[in-house]
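K.L.:
Please read through the structure below; I'll follow up with questions.
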Amino acid sequence: MGLGALLIKEHLGISDREAVEQISENPSLQYFLGLMEYQDTPPLDPSLMTPFRKRFDKKMLIEINESIVQGARDEAAHQEVSTERNRDNDSDTDGDDLPSNNGKLIADATCTPADIAYPTDLSLVNEARDKSEEIIDAICPLHRYPPKASNLPSKGA
C-alpha cells in the first residue's frame, strides 16, 4: 500500500497529505492500492509515507517500474498469441460450433418496475395528513386543548 501511495503521489505531483486525501476521496485510487471496498477514512497516515520513500530510492523505483512495464508487455504478447491461436482454431471448424459463454452477467436493476409510492402521489400526502391528525389527537388531551372540530358532534345531530 505504501508503494502504491508513493506512485500516486509522484504521478499526481502532490504532497503526502494531499495524496492521502486524494486516496480517501477516490475509489479508483483505493482499488489501485488493493482495497476491496470504498472507505472514506484515510487508509494510511501521511507520516508513514516518509519511511517508504526512504526505503525505495530512485534507482529501485525505476527498476520496479521497468519490471511492471515488462510484465504488462509479456502479458499482452501472450494474449495476442492466444488470440491468434483461437482465430486459427476457429477457421478450421465449419462454423457449426458456437463459442461457449464465459464470465458474469451484471444486470442493472434501476429500470426494474417496482411498487414504490413517489412523493408526488396523493396517497402519501393523505397518509401524512392521517398520521399528523393522530399525533394531534394524542397531544391535545395532554395540554388540555379542545378536540378538533372534525371530532365534535355535528350541530344537526
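No value in this document is a laboratory result; all are computed from the given coordinates. Everything numeric here is computed off the predicted structure, so don't read it as measured data. Cβ: placed from backbone, ideal geometry, glycine included. Neighbour counts: every protein chain shown.
K.L.:
Rounded to the nearest 20 Debye, what is the dipole magnitude of the range 2-89 about its Cα centre when Lys and Arg each give +1 and Asp and Glu each give -1 at the C-beta?
P.N.:
Numbers: 10 positive and 16 negative charges, 71 e Å.
Approximately 340 debye in magnitude.
K.L.:
List Met1, Met49 from most exposed to least, where exposure is judged by having the fewest other Cβ atoms within 10 Å.
P.N.:
Numbers: Met1 15, Met49 19.
Fewest to most other Cβ atoms nearby, the residues stand as Met1, Met49.
K.L.:
Quick one: if you stick a label point 7 Å off each Cα along the C-beta vector at Thr41 and Ala107, how many nm between them?
P.N.:
In this crude spin-label approximation the distance works out to 3.7 nm.
K.L.:
Could you tell me the relative contact order of the range 2-89? Use alpha-carbon pairs under 8 Å, at least six residues apart, and round to a whole percent.
P.N.:
On the way: 49 pairs, mean separation 22.0, N = 88.
Taking the mean separation of contacting Cα pairs over the length of the range 2-89, I get 25 percent.
K.L.:
Right, here's the next one. Quick check on packing: order 4-13, 33-42 by the mean number of other C-beta atoms within 10 Å, highest mean leading.
P.N.:
Values: 4-13: 15.9, 33-42: 10.5.
Ranking, from highest mean packing down: 4-13, 33-42.
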